[in-house]
């Protein structure tokens, strides 16, 4: 690293499955080798455990995270049945963005040694290689293919190759060291004067199909998007360090009118006066690269977050008296098309500082020409005005339902073009990556002049059909005189607790979180855990903002707009007693223990291995505490392989019900004290179509 022609993301089609198998094997191993080499820039084991920044985990997490991602997804896909290390696969599961369901409290973690993680990575490597060797391969590889999770794991590791390099760049110099394969560009000179180039109006079409596209893609890339783009002017070059210095010298960081409200709050909180990778010593400026500080290369692109880029544009607009702003996502596509660019070639180096083909840093903005412009792709990512949003036809992949959906919040802006270390899927034209506006990547910007306002294609209402149905199920109206299911369960649980201690409760499989809030009426603290970050997001939104908006289908294209508030539900007073985290019920973190009550509502028949949960659940409940299980016992092989069902089949010619199975497992440590009883619930699909279901409730007291 850098390594010219670092293997490109494989084509998904071909005529020879065995050649494709070997191509994917090489891609897998080359990616792991490169990622592990990146971590060789850490000077000592200590560097793995001290956080570069407070908003992210220490680097030991990211060293393990990408490896456990493979195993967790392959388990979920049913391609393997045995874990390597359940503790690590739980500990390293979540932590990409500082979402509310990320647990960043380091006191919760007893991190493994670096060697333990290396050993884990080696074991994972062998396990996946064996799978690549043995698994049947039918071309083309599609979204539904059993090979998709393998490519998903490799592309995920390539994302973290970049994000981990940013964290290493933010680490104290004493923790990092130069590496022979990680040398920055040595070229630097006088920065060019930027110029504005006219771009004619035109149309943009993006149409990535899940069934037949030639490259792997993340969920947000799929769907049909068409847009007419008005004529605009764009800067020939990315904004250089020299050009950005003029903004600093004009008191840009101190002039409040240049900053949007969110950006000004960030600047005041951080007290930033210059880009984070700039270092001033006496009267000289230096630039922090990944592993060293170098004299400021004034002709390299400046690297800033969105707030700084936007403030620069606002300053530029005042100075020039022209409508200067950042480009939109669609305007970037117009630049790409005008420059007549194409994907990174397989056999020759990229025409751009991209894909690790040239340097382990940025380089002068004059090096890579693209039509009338420079650096339309590569060198640094380019901030846009566009918050990420779904294209029509968007769908989540069932193995990774929270890759993008948590970022559909108007707080994550798209970056385009890739940086010097953007590899694989990241280097494609169709790539759509978004980060919080205060985050730092290897990201800079170019600016445009346009009278057309930057479109903000977003929605304050939840429009995903399944999420909207669950929002209504948890927080919406009653139908057919059936009480709210989550509230009814919480009331049953609280009553069953009687005079038992009510210190802490766990709502396991909490979905959108209504029972979590309802239990907090009686408990001091309630934790909601769900596998889906999409569902958790609704509870988080209510806890933080007190309001949830969503759209319900009435008929055809006709919809209703709904709004629910914690105040209206009489739950405002409990919001500080709830917390939500993402987790796998079959492989929970060890810190989730010591509960007086665990509620597992409509969960067990949706788990890939319910016995794993049930055989160990007693370890998480205090003696005398209660376990409440509810389920309609709707066993489906799409969720649980038949050999893992705990009931609903014939045994020795006799019916063996799920309740029989619960008794067989739980009676080692629990006594059934209440139930079974049926509790109804209704899920609204449309104005005239509803699901009416009975869930069986049993309550168990831990006795040993």
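The values are calculated or read from the model by the stated rules, or taken from the named source; none is laboratory data. Being a predicted model, the structure only gives us computed values, none of them experimental. Cβ sites come from the backbone with ideal geometry, for glycine too, and all protein chains shown count toward neighbours.
Of everything listed in (1) modelled with pLDDT of 95 or more; (2) assigned to a loop (DSSP other than H, G, I, E, B); (3) surrounded by fewer than 17 Cβ atoms within 10 Å (Cβ to Cβ), the single unmet condition for residue 180 is (1). Within segment 376-391, the set of residues being buried (at least 23 other Cβ atoms within 10 Å of the Cβ) and in a loop (DSSP other than H, G, I, E, B) comprises 376, 377, 378, 379, 380, 388. Among the numbered conditions (1) surrounded by fewer than 22 Cβ atoms within 10 Å (Cβ to Cβ); (2) assigned to a helix (DSSP H, G or I); (3) free of Cβ contacts under 8 Å to residues at least 60 places away in the same chain; (4) in contact with a helix residue (DSSP H, G or I) (Cβ under 8 Å, 6 or more places away or on another chain), the only one that residue 33 does not meet is (4). Taking segment 642-704 as the region of interest, the strands (runs of 3 or more DSSP E) fully inside it that hold 3 or more residues being farther than 22 Å from residue 498 by Cβ and in contact (Cβ under 8 Å) with a residue 24 or more places away in the chain are 670-686, 689-702.
Could you say whether any residue in segment 254-270 is more than 29 Å from residue 328 (Cβ to Cβ) and modelled with pLDDT of 95 or more?
Filtering segment 254-270 down to residues more than 29 Å from residue 328 (Cβ to Cβ) leaves none.
Within segment 254-270, not a single residue is more than 29 Å from residue 328 (Cβ to Cβ) and modelled with pLDDT of 95 or more.
Can you tell me which residue in segment 9-30 is nearest to residue 116 (Cα to Cα), limited to those that are part of a loop (DSSP other than H, G, I, E, B) and in contact with a helix residue (DSSP H, G or I) (Cβ under 7 Å, 6 or more places away or on another chain)? Per the criteria, the residue is 9.
Looking only at segment 531-587, how many residues end up being in a strand (DSSP E or B) and under 23 Å from residue 620 (Cα atoms)?
Our first condition is that a residue be in a strand (DSSP E or B); within segment 531-587, this holds for 547-555, 558-565, 578-582.
Then keep just the ones that are under 23 Å from residue 620 (Cα atoms); that gives 578-582.
Total satisfying the criteria: 5.
With respect to (1) under 18 Å from the mean Cα position of the chain (by Cα); (2) assigned to a loop (DSSP other than H, G, I, E, B), the lone exception for residue 52 is condition (1).
Which count do you get for residues in segment 202-221 that are under 21 Å from residue 408 (Cβ atoms), touching a helix residue (DSSP H, G or I) at 6+ places or on another chain (Cβ under 6 Å) and part of a loop (DSSP other than H, G, I, E, B)?
Filtering segment 202-221 for residues under 21 Å from residue 408 (Cβ atoms) gives 204, 206-208, 210, 217-221.
The next check asks that each one be touching a helix residue (DSSP H, G or I) at 6+ places or on another chain (Cβ under 6 Å); those that pass are 204, 208.
Adding the requirement that they be part of a loop (DSSP other than H, G, I, E, B) leaves none.
Number satisfying all stated conditions: 0.
Considering only residues in segment 212-224 that are under 11 Å from residue 430 (Cβ atoms) and over 22 Å from the mean Cα position of the chain (by Cα), the one that is surrounded by the most Cβ atoms within 10 Å (Cβ to Cβ) turns out to be 213. Of the residues 193, 243, which is at pLDDT 95 or above, closer than 21 Å to residue 327 by Cα and not in a helix (DSSP H, G or I)? Selected residue: 193, the only one of 193, 243 that is at pLDDT 95 or above, closer than 21 Å to residue 327 by Cα and not in a helix (DSSP H, G or I). Per the listing 342, 361, the residue uniquely surrounded by fewer than 18 Cβ atoms within 10 Å (Cβ to Cβ), within 28 Å of the chain's Cα centre (by Cα) and in the same structural domain as residue 422 (by TED's automatic domain parsing) is 342.
Return the only residue of 394, 373 being crowded, with 20+ Cβ neighbours inside 10 Å and more than 20 Å from residue 289 (Cα to Cα). Steps first, answer last, please.
Working: 394 fails: crowded, with 20+ Cβ neighbours inside 10 Å.
None of the others qualify; the one that does is 373.
For segment 55-92, which residues satisfy the criterion of being touching a residue at least 24 places away in the same chain (Cβ under 8 Å), farther than 30 Å from residue 438 by Cα and part of a loop (DSSP other than H, G, I, E, B)? Within segment 55-92, 77, 78, 79, 80, 83, 84, 85 meet the criteria.
Criterion first (buried (at least 22 other Cβ atoms within 10 Å of the Cβ) and either part of a loop (DSSP other than H, G, I, E, B) or in contact (Cβ under 8 Å) with a residue 40 or more places away in the chain (or both)) does residue 186 satisfy it? Before the answer, list the steps.
Values: buried (at least 22 other Cβ atoms within 10 Å of the Cβ): no; either part of a loop (DSSP other than H, G, I, E, B) or in contact (Cβ under 8 Å) with a residue 40 or more places away in the chain (or both): yes.
Criteria not met by residue 186.
Is one or more of the residues making up segment 421-439 surrounded by 20 or more Cβ atoms within 10 Å (Cβ to Cβ), over 15 Å from the mean Cα position of the chain (by Cα) and part of a strand (DSSP E or B)? No, that holds for no residue. When segment 307-332 is filtered for residues that are over 23 Å from residue 439 (Cβ atoms) and assigned to a helix (DSSP H, G or I), the ones remaining, listed by number, are 317, 318, 319, 320. Within segment 691-704, the set of residues being more than 14 Å from residue 617 (Cβ to Cβ) and surrounded by 14 or more Cβ atoms within 10 Å (Cβ to Cβ) comprises 693, 695, 696, 697.
Out of curiosity, is residue 492 more than 28 Å from the chain's Cα centre (by Cα), part of a helix (DSSP H, G or I) and at negative phi? Yes; evaluated as a whole, the condition is true for this residue. When we screen 254, 242, 267 for residues that are assigned by TED's automatic domain parsing to the domain that holds residue 360, crowded, with 18+ Cβ neighbours inside 10 Å and more than 24 Å from residue 194 (Cα to Cα), the only hit is 267.
Among the residues of segment 654-667, what is the count of those that are in contact with a helix residue (DSSP H, G or I) (Cβ under 8 Å, 6 or more places away or on another chain) and under 16 Å from residue 621 (Cα atoms)?
Quick first cut of segment 654-667, residues in contact with a helix residue (DSSP H, G or I) (Cβ under 8 Å, 6 or more places away or on another chain) only: 658, 662, 665-666.
Filter again for under 16 Å from residue 621 (Cα atoms), leaving 665-666.
Here the count works out to 2.
Go through 443, 454 for me and flag whichever is within 23 Å of residue 308 (Cα to Cα), modelled with pLDDT under 95 and touching a strand residue (DSSP E or B) at 6+ places or on another chain (Cβ under 6 Å).
Values: 443 fails: modelled with pLDDT under 95.
Just a single option satisfies the conditions, and that option is 454.
Looking at segment 604-635 only, could you name the residues that are in a loop (DSSP other than H, G, I, E, B) and either more than 28 Å from the chain's Cα centre (by Cα) or in contact (Cβ under 8 Å) with a residue 40 or more places away in the chain (or both)?
Here is the first cut: in segment 604-635, the ones in a loop (DSSP other than H, G, I, E, B) are 607-609, 615-616, 632-635.
Once the filter is applied, which keeps residues that are in a loop (DSSP other than H, G, I, E, B) and either more than 28 Å from the chain's Cα centre (by Cα) or in contact (Cβ under 8 Å) with a residue 40 or more places away in the chain (or both), segment 604-635 yields 608, 615, 616, 632, 633, 634, 635.
Of everything in segment 561-585 that's without any contact (Cβ under 8 Å) to a residue 12 or more places away in the chain and more than 17 Å from residue 525 (Cα to Cα), which residue is surrounded by the most Cβ atoms within 10 Å (Cβ to Cβ)?
568
The listed residues are 224, 287, and the only one of them that is part of a strand (DSSP E or B) and farther than 30 Å from residue 394 by Cβ turns out to be 287.
Could you tell me whether any residue of segment 476-499 is under 30 Å from residue 387 (Cα atoms) and either modelled with pLDDT of 95 or more or surrounded by 15 or more Cβ atoms within 10 Å (Cβ to Cβ) (or both)? So that I can check it myself, show each step before the final result.
To start, the set of residues in segment 476-499 that are under 30 Å from residue 387 (Cα atoms) comprises 476.
Those left that are additionally either modelled with pLDDT of 95 or more or surrounded by 15 or more Cβ atoms within 10 Å (Cβ to Cβ) (or both): 476.
Yes, segment 476-499 has at least one match.
If you check 418, 371 for being without any contact (Cβ under 8 Å) to a residue 40 or more places away in the chain, touching a helix residue (DSSP H, G or I) at 6+ places or on another chain (Cβ under 8 Å), assigned by TED's automatic domain parsing to the domain that holds residue 231 and more than 24 Å from residue 532 (Cβ to Cβ), only one passes: 371. Scan segment 140-158 and tell me whether some residue there is buried (at least 22 other Cβ atoms within 10 Å of the Cβ), under 13 Å from residue 41 (Cα atoms) and in contact with a helix residue (DSSP H, G or I) (Cβ under 8 Å, 6 or more places away or on another chain). The answer is no; no qualifying residue exists.
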